[in-house]
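K.L.:
Below are the structure tokens for one structure; questions will follow.
The values are calculated or read from the model by the stated rules, or taken from the named source; none is laboratory data. A quick note: this is a predicted structure, and the numbers were derived from the prediction, not measured. Cβ atoms come from the backbone with ideal geometry, glycine included; neighbour counts cover every protein chain shown. Just the protein is used for accessible areas: all its heavy atoms, side chains included, with ligands, DNA and RNA removed. Shrake-Rupley method; radii C 1.70, N 1.55, O 1.52, S 1.80 Å.
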Amino acid sequence: MGESTLEIAKGVLVDGKSQADYARARNITPGAVSQIVNRVWKVHLKTINIPDKFVEVTAVLPEHQAFIVKQWEKEAQSSGK
């Protein structure tokens, strides 16, 4: 993957920047930015090892609920999966 691709994906996935902002700044379509981010995300998913009967979840939650979910994740990791 090119440097520009990785920069866009990192900006969106890690730094939380807007895909629309990258589209405007790079003079590319929002769809192109979305494809870049999705391509990098799919590669990332192939590199992580999720144990049997575990599922990766992405959610937007109120802060207190997110805290609870993060605690559940720590407990699951420390229990030997």
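K.L.:
Could you please tell me which pairs satisfy a Cβ distance under 8 Å, a separation of 6+ or placement on different chains, a first residue in region 59-72 that is within 22 Å of L13 (Cβ to Cβ) and open to solvent by 70 Å² or more (accessible area, probe 1.4 Å), and a second residue that is among the β-branched types (V, I, T) and not in a loop (DSSP other than H, G, I, E, B)?
P.N.:
Final answer for the pair search is L61/V69.
K.L.:
So is S34 out of contact with any Asp or Glu (no Cβ under 7 Å at 6 or more places or on another chain), of a type outside the set (D, E, K, R) and modelled with pLDDT of 95 or more or not? Can you show your working first?
P.N.:
Numbers: out of contact with any Asp or Glu (no Cβ under 7 Å at 6 or more places or on another chain): yes; of a type outside the set (D, E, K, R): yes; modelled with pLDDT of 95 or more: yes.
Taking the combined requirement at face value, the residue satisfies it.
K.L.:
How many residues, within region 7-45, are part of a loop (DSSP other than H, G, I, E, B) and not polar (S, T, N, Q)?
P.N.:
Applying the first criterion (part of a loop (DSSP other than H, G, I, E, B)) to region 7-45 yields 14-18, 27-29.
Subsequent filtering for residues that are not polar (S, T, N, Q) retains 14-17, 28.
Total satisfying the criteria: 5.
K.L.:
Looking at (1) loosely packed, with under 11 Cβ neighbours inside 10 Å; (2) at pLDDT below 95; (3) not basic (K, R), which is the only condition Y22 fails?
P.N.:
For Y22, the exception is condition (1).
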